[in-house]
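In what follows, a single structure is set out as structure tokens and then discussed.
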Amino acid sequence: MARKRSRREFLRGASAADALGEAVDRSLPGTDDSGAGVGPPQECYAVHISRKAMACEFEIVLNSGQYDSGTEIALDALDLVEKLESQLSYFRSDSEISEINRSAAEEPVPVEERLFSLLQAADMIYRETDGAFDLTATPLWHVWGFARGEGRLPSNEEIAQAIETVGGSQVDLDTGNRSVRFRKPGVELNLGSIGKGYALDRVAELLDAARINDYLIQGGQSSVTAKGARLSGDEPDGWLVGLGHPLRPGTRLGYVRVRDRALATSGSASQFFRHKGRRYSHIVDPRTGQPAEGVLSATVLAPGAAQADALATSFFVMGPKKAFDYCQNHPELAAVLICPTTGSPGFEIQMIGMPDEDFLPTD
């Protein structure tokens, strides 16, 4: 019989699926050193705990009945996402990123340790991708109208003016003083292409510290990190994550199996505009100032979610050949690129470093 939920549990969002899971099977093996709680049944429900933050919904998925304190730990972990949003948001005037953007052209700005490490990681990816990934590209996003949600065709002069303040080389990171300095006024940092992944990494750290070894964490529809397995069926093996159709929003193209790593997707299925028959993506190549072409969606699997986030954007900009070369030098990565076919309205799927059995197309 399922135990009664306390008022505190109800108010804190304890899932109805959790109660159902408890009703299915409570005669399970006892706690071991893999984490606090009981082992799961062969077939069990999934518990979903969610929170709105960073303009999307963050969700933690657990196997019901596997950890007695799993829901409480997940709720506490999601509290961290709100704190990170207040630090990382480009749109909050009181965030640490906004303070950097206001002051770093005038003087070095000291940065919190973990944020500074994230900026260093972003700078490394900027250099390794020859500038395809760039935290300073926001002026181009504005000039193309995507900041207002309504694309427009800018003049060459507008693009040239915007690109004057774009480029990771405009940002100096002083490791000794852990500070940031911009080389000219007008430079801005925007962590929109890496911030959700970073938040997932930090949430995963808390779950790992609590010895929760099977979970999936999702940030919006584009960023996921997963550990262990969804324990449903005789031979569970990781978590199946839906891959969206690049031209039909709301439709799945297939599933990717994710275990003990992160997945991120960049695409333009819902953010683009057309002008004189040409399709313009909201993902702009920071090196040219033009919307990226040649890829409809880029999905990357990596050890960490921040890395996966950044590289999904990078691969969308770089295209399949350079993405393949990058993965050749980083064998820990895998990717699925959806590219338009030449001379026809169709597309082709290019997999890099991914076993065929880890990609399950829909029928």
### Query
Going down the table (52/322; 196/322; 83/184), which pairs top 28 Å between alpha carbons?
52/322; 83/184
### Query
In the stretch 162-206, which residues have a backbone nitrogen under 17 Å from the label point lying 7 Å from residue 117's Cα in the Cα-to-Cβ direction?
174-179, 195-206
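In what order do 169, 314 fall by count of nearby beta-carbon atoms within 10 Å, going from fewest to most? Please report the intermediate quantities before stating the final value.
Numbers: 169 13, 314 25.
Least crowded to most crowded, the residues run 169, 314.
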### Query
What is the Cα radius of gyration of the stretch 47-91 over 2.2 N^0.38 Å, N being its residue count?
1.28
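Rounded if a/c is under 1.5, else prolate if a/b is larger than b/c, else oblate: which is the stretch 91-190, with a ≥ b ≥ c the root eigenvalues of its Cα gyration tensor? Don't jump to the answer; show the numbers that get you there.
Working: a/c = 1.95, a/b = 1.63, b/c = 1.19.
The shape class here is prolate.
Taking loop as defined by DSSP and a crowding limit of 16 other beta carbons within 10 Å, which GluC sites (Glu not before Pro) in the stretch 71-140 fit?
Working: sites: 72, 82, 85, 96, 99, 106, 112, 113, 128; in loops: 106, 112.
Here the sparse-neighbourhood loop sites are 106, 112.
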### Task
Give the order of 315, 133, 347, 58 when sorted by the count of other beta carbons within 10 angstrom, beginning with the fewest.
347, 58, 133, 315
### Query
All other residues with a Cβ under 14 Å from the Cβ of residue 303 taken together, and with Lys, Arg as +1 and Asp, Glu as -1, what is their net charge?
-3
### Message
Just want to confirm a number: the relative contact order over the stretch 238-363, from Cα pairs under 8 angstrom separated by 6+ residues, in percent.
### Response
24 percent
### Task
For each of 223, 179, count neighbouring Cβ atoms within 10 Å of the residue's Cβ, then give the residues from fewest to most.
179, 223
### Message
Skipping prolines and chain starts, which residues have an amide H placed within reach, meaning under 5 Å, of the one on residue 296, given they are 5 or more residues away or on another chain?
### Response
338, 339
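Read-outs throughout are calculated quantities, based only on the coordinates presented, and are distinct from any laboratory measurement. Here the structure is a predicted model, which means the values were calculated and not measured. Using ideal geometry, Cβ is built from the backbone for each residue, glycine included, and neighbour counts are taken over all protein chains shown.
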